Amino acid sequence: MTIEPMRLTVVTETNSAKRLRKRIFSVVAHVLLISASIVMLYPLLWMLSASFRPENEIFNATSLWPSSWSLDAYFRGWNGLRVSFGTFFINSFIISILSVIGNVAACSMAAFAFARLEFRGRRFWFAMMLMTLMLPYQVTLIPQYVLFLNLGWVNTTLPLVVPKFLAADAFFIFLMVQFFRGIPKELDEAAVMDGCSPWRVYWKIMLPLSTPVLATAAIFTFIWTWDDFFGPLIYLSDMRQYTVMLGLRSFTDSTGLSDYGGLFAMSVLSLVPIFLFFLFFQRLLIEGIATTGMKR
Amino acid sequence: MTARSLATGASSGERAASPSVWSRIWQNDAPGYLFLLPWFIGFLGLTIGPILTSLYLSFTHFDLLTAPRWAGADNYVRMFTNDAKFFASMRVTVFFVIFSVPLKLAFALAVALLLNRGMRGLPLYRALFYLPSLLGASVAIAILWRQIFAGDGLVNQVLALFGIQGPSWISNPNTSLWTLIFLSIWQFGSPMIIFLAGLRQIPQDMYEAASLDGAGRWRQFWKITLPLLTPVVFFNAIIQTIEAFKSFTPAFIISGGTGNPINSTLFYTLYLYQEAFGYFRMGYASALAWVLLAIVGLFTAFSFLTSKYWVHYDD
């Protein structure tokens with residue numbers, strides 16, 4: 001009779017001890033994670049605040065809050081080079097948006113062929129496509145440059161945009177093939193029975209059902225093209241053609257060492273489009289990475 | 001008619017044979033190849049053609065202005081016998097890969113494990129840790145990094161609060177490469193997301209069973225989590241290693257395109273760029289590209305061959 005209540009108290013004790021341990025663990029984990037986030041994001045926030053500081057205050061303050069706010073650096077940076085940053089932003093937008101259109105169109109067509117159409121050599125070409133995923137771009141770099149030079153395309157945006165219309169970024173084909181394979185085949189079989197051509201199946205059934213993957217591809221294409229430095233570096237030499245990334249690089253070469261404020265202001269501006277994607281399409285980006293293992 | 005060109009599972013002999021071979025090819029194969037056409041042009045013109053051309057160019061001297069001159073194996077011989085910069089760039093790149101990839105993955109795994117234990121606010125943390133990955137490839141971040149680790153930069157200002165006089169990390173050849181490794185580790189977000197997705201695949205009842213058998217957390221990690229996660233580790237390691245070999249922008253921006261101080265940040269890709277577009281030695285740069293392809297190819301083949309000894313696959 002006396003044993004039973006005792007056992008009960010022991011059980012509740014270990015339970016509450018367990019709960020306490022769990023609580024402590026959770027608090028410690030949160031403290032760890034919060035401090036890690038602060039350390040990681042501090043440089044970004046610091047650059048943001050530096051871009052709003054008066055010039056003389058940039059280097060002697062570790063705090064994030066400027067003593068007085070000023071937009072001077074933005075005006076200085078915007079016109080800090082021979083050509084205004086406005087031109088660079090327009091160029092970057094044009095290249096990125098054309099790349100998105102080309103990439104989504106060409107890659108979804110190729111992916112449709114690989115996922116749904118039957119033709120001789122399909123497996124072979126699919127394997128070839130997968131091989132190109134692993135290829136370091138340096139191997140094709142020089143002949144491509146020679147090709148574009150002979151076509152008279154160097155110092156235009158064509159070498160940066162045309163390859164996207166030829167589905168050169170095979171990664172997105174792979175991404176879309178995976179998605180298309182998940183769409184029930186009954187849907188397009190029924191359409192074919194009703195006399196739909198492959199083109200109509202692609203246009204009326206596959207694409208409307210694939211908006212998540214198309215959006216993911218579009219966003220990543222935009223971000224990667226926006227960030228691309230190497231392509232513009234070798235193909236664009238006239239400053240009026242420059243992208244934002246090239247503009248920033250010129251800034252570091254010339255005035256950047258004297259005008260850190262302007263440099264930071266333009267750096268912050270260059271990150272804004274990417275940050276907006278992050279803000280509004282975070283779910284899509286993270287799911288895209290989780291399901292396909294994207295590199296960044 | 002085009003029904004048979006779709007992969008409906010109908011075998012090709014099901015209907016009556018079409019009148020001519022050509023019309024059958026047109027019906028069966030044409031739609032596929034038409035949809036593939038853009039990719040096909042790109043594949044031939046921008047991938048296969050250039051690969052073969054680049055192999056040829058690697059055996060020539062070529063300066064873009066005059067026609068390539070056949071050089072036999074000269075480029076390769078020079079590279080391995082008489083080019084200190086080649087070896088310097090190789091050393092820098094291998095050092096970068098060996099330290100940045102494991103550290104980045106270890107960090108990504110550690111944070112993923114912590115987040116996976118039902119932490120409240122997981123979506124927020126995940127997003128915050130992912131942000132550097134997303135922004136990191138930008139020139140703007142490389143510029144920021146150059147400032148942070150400069151002699152009068154943010155890091156030294158923080159150290160000064162503790163009375164420590166830090167060196168100029170960027171212009172010191174002993175530390176300059178570490179700033180780049182640090183930048184790479186800072187971007188651990190996307191492998192972390194992949195680890196999180198992998199961790200969620202591990203059935204929870206395995207832990208319950210292990211727990212009943214008296215296995216502690218530490219043992220559970222080594223006996224359950226890690227073995228079941230090896231396919232994801234393998235995947236992340238391959239992707240990150242290839243990316244690390246290809247890394248270019250940060251080293252270019254931070255060293256102003258030189259790879260200095262004393263070649264300590266001369267990434268292989270940076271050296272290749274200098275040879276090709278600084279000195280216009282296109283033949284030599286092509287040879288460098290082929291050596292890079294060989295290294296990445298060997299590494300990948302080696303990883304896949306050894307993977308069966310340590311990567312756990314469900315049967």
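Relative to the current alpha-carbon distance between residue A:178 and residue A:253, full extension at 0.36 nm per residue lengthens the span by 22.6 nm.
Converting the Cα gyration tensor eigenvalues of the range B:247-315 into ellipsoid dimensions via √(5λ) gives semi-axes, longest first, of 33, 16, 8 Å. Positive-end ranking of B:250, B:171, B:226 along the dipole of the range B:159-315, with charges on Cβ about the Cα centre, is headed by B:171.
Shielding of peptide B:126-132 by partners, expressed as the average count of other chain Cβ atoms within 10 Å per residue Cβ, is 6.
For the protein assembly as shown, the square roots of the Cα gyration tensor eigenvalues, ordered a ≥ b ≥ c, give a/c of at least 1.5 with a/b no greater than b/c, which places it in the oblate category.
Set the Förster radius R0 to 60 Å, insert the Cβ-Cβ distance between residue A:238 and residue A:27 as r into 1/(1 + (r/R0)^6), and round the FRET efficiency to 0.05.
Efficiency for this residue pair is about 0.55.
Calculated FRET efficiency, residue B:220 to residue B:313, Cβ-Cβ distance, R0 = 25 Å: about 0.75 to the nearest 0.05. Only DSSP H runs of four or more residues enter the estimate; each adds -39500 (n - 2.57), and after division by the residues of chain A the mean residue ellipticity at 222 nm equals -23500 deg cm²/dmol. Taking the helices alone, chain B has a mean residue ellipticity at 222 nm of -20000 deg cm²/dmol, built from -39,500 (n - 2.57) per DSSP H run of at least 4 residues and averaged over all its residues. As a proxy for reagent exposure, ranking A:196, A:107 by other Cβ atoms within 10 Å from fewest up yields A:196, A:107.
Among the residues of B:44-53, the average count of other protein chain beta-carbon atoms within 10 Å of the residue beta-carbon is 6.
Working ranking of peptides B:115-124, A:167-176 by packing, defined as the average number of other Cβ atoms within 10 Å per residue, highest first, is A:167-176, B:115-124.
Among A:280, A:179, A:88, a tally of other beta-carbon atoms within 10 Å of each Cβ gives an order, fewest to most, of A:280, A:179, A:88. Note on residue B:70/residue A:155: beta-carbon distance plugged into 1/(1 + (r/R0)^6) with R0 of 22 Å gives a FRET efficiency of 0.15.
Quick check on my link table: of B:104/B:223; A:164/B:246; B:223/B:246, which ones sit more than 25 Å apart, alpha carbon to alpha carbon? Pairs exceeding the cut-off: B:223/B:246.
The label point for residue B:303 and the one for residue B:63, both projected 7 Å from the Cα toward the Cβ, are 4.0 nm apart. Which of the three applies to the range B:146-287, rounded, prolate or oblate, going by the alpha-carbon gyration tensor with a ≥ b ≥ c and a/c under 1.5 meaning rounded? In terms of gyration-tensor shape, oblate.
Peptide A:120-130 is shielded by partner chain Cβ atoms: per residue, an average of 3 of them sit within 10 Å of its Cβ.
Counting neighbouring beta carbons within 10 Å and listing from fewest to most, the residues B:275, A:287 come out as A:287, B:275. Once a ≥ b ≥ c are taken as the square roots of the eigenvalues of the Cα gyration tensor of chain B, is the result rounded (a/c under 1.5), prolate (a/b larger than b/c) or oblate (a/b not larger than b/c)? Here chain B falls in the oblate category.
Per-residue 3J(HN,Hα) values for the range B:228-242, derived from phi via the Karplus relation 6.51 cos²θ - 1.76 cosθ + 1.60 with θ = phi - 60°, read 6, 8, 4, x, 6, 4, 4, 4, 4, 5, 4, 4, 5, 5, 4 Hz in sequence order (x marks Gly and Pro).
Using the 2.2 N^0.38 Å rule of thumb for compact globular proteins, work out how the range A:74-292 stacks up: its C-alpha Rg over that value, please.
My calculation over the Cα atoms of the range A:74-292 gives 1.19.
Quick note: the coordinates plus some simple rules give every number you see, no bench work behind them. Keep in mind that what you see is a predicted model, and the values were worked out from it rather than measured. Counting neighbours? That spans all protein chains shown, and the Cβs are built from the backbone with ideal geometry, glycine included.
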